[in-house]
Amino acid sequence: MQAYEFINNLIPPLKLTDKTKMALGWMEEIRTDVLPVVEKGKFLGLLNEDMIFDLNDPERQVGEIMPDHANCWVFSDKHIYDVLKVSSEHQSNVVAVLDRESTYLGVVTMEDAIAAFAESLSIQSHGSVLIISLSMTDYSLSEISRVIESENTKILSSFITSDPLDDSKIKLTLKLDQPELRHVKATLERFGYRILDHYQEETGISSEEDRIGNLLRFLDI
């Protein structure tokens, strides 16, 4: 799941000599508020519509505006996780992708990156999500798996984040293959694990909005 696999070829780069009115036209056409600025194969940064509106002159050239987020990029062979990390650091909806010679290749949108991330975490698979609090020194996925599998349940994916309320703790988020969590929770608690939260799958077909909500809860965003 490398960054180049998710380049969105529908998003064109702007040149310094392009008119700002053309940039706004492209933004409207592809329904985005930001475009990359590239000159002679080099990524210069991102231009958003507010910067163009502030200039208030549709005949001015893109080169007359200093683009933002010149460091909002990843190398093409980086994992999709790195794309999400850079996006978060720069609070940007797109991340540029460069080859190892620093030549611009395209951009990855956060919509595509999150979809890829969700697929890698089996978030759309049937089942449930369980969040456990524990010390890093007590963390053993094999031991936790053994306890969970004793209830005829398997771990589809796992994700570790720091606990903002306790530096000595981590939060372990598990995607499980069974929708019913009652027995799994009881068994984990019997073995001394503290359950922070859980999300069980609702019956019926989930909408796209529901799936996005499930993903955000899974990532604890």
Test result for Leu35, more than 19 Å from Glu101 (Cβ to Cβ), buried (at least 17 other Cβ atoms within 10 Å of the Cβ) and either touching a Pro at 6+ places or on another chain (Cβ under 9 Å) or modelled with pLDDT of 95 or more (or both): yes
Subset of the stretch 56-91 (residues that are loosely packed, with under 14 Cβ neighbours inside 10 Å and either on the phi > 0 side of the Ramachandran plot or out of contact with any helix residue (DSSP H, G or I) (no Cβ under 8 Å at 6 or more places or on another chain) (or both)): Asn56, Met66, Ser88, Glu89, Gln91
Any hit, the stretch 198-215, residues being more than 30 Å from Glu5 (Cβ to Cβ), surrounded by 15 or more Cβ atoms within 10 Å (Cβ to Cβ) and at pLDDT 90 or above: no
Any pair with Cβ under 7 angstrom, 6 or more apart, that starts in the stretch 127-141 at a residue that is on the phi > 0 side of the Ramachandran plot and ends at one that is in a loop (DSSP other than H, G, I, E, B) and surrounded by 12 or more Cβ atoms within 10 Å (Cβ to Cβ): Gly127/Asp177; Gly127/Gln178; Gly127/Pro179; Gly127/Glu201
Qualifying residue in the stretch 36-55 (condition: at negative phi, touching a Phe, Trp or Tyr at 6+ places or on another chain (Cβ under 6 Å) and touching a residue at least 12 places away in the same chain (Cβ under 8 Å)): yes
Residues of the stretch 1-35 satisfying the condition of being among the aliphatic types (A, V, I, L, M) and without any contact (Cβ under 8 Å) to a residue 12 or more places away in the chain: Met22
Selection from the stretch 1-23 of residues that are β-branched (Val, Ile, Thr) and either surrounded by 19 or more Cβ atoms within 10 Å (Cβ to Cβ) or not assigned by TED's automatic domain parsing to the domain that holds Phe43 (or both): Thr20
Qualifying strands (runs of 3 or more DSSP E) (wholly inside the stretch 4-122; at least 1 residues being among the β-branched types (Val, Ile, Thr)): 34-39, 73-75, 94-98, 104-109
Test: residue in the stretch 165-182 that is at pLDDT below 85, surrounded by fewer than 18 Cβ atoms within 10 Å (Cβ to Cβ) and under 22 Å from Lys85 (Cβ atoms): yes
Filter result for the condition that a residue is in the same structural domain as Leu10 (by TED's automatic domain parsing) and at pLDDT below 90, over Pro67, Pro58: Pro58
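The values are calculated or read from the model by the stated rules, or taken from the named source; none is laboratory data. What you see is a predicted model, and the numbers here were worked out from it, not measured in a lab. In this analysis, Cβ positions are derived from the backbone assuming ideal geometry, glycine residues included, and neighbour counts consider all displayed protein chains.
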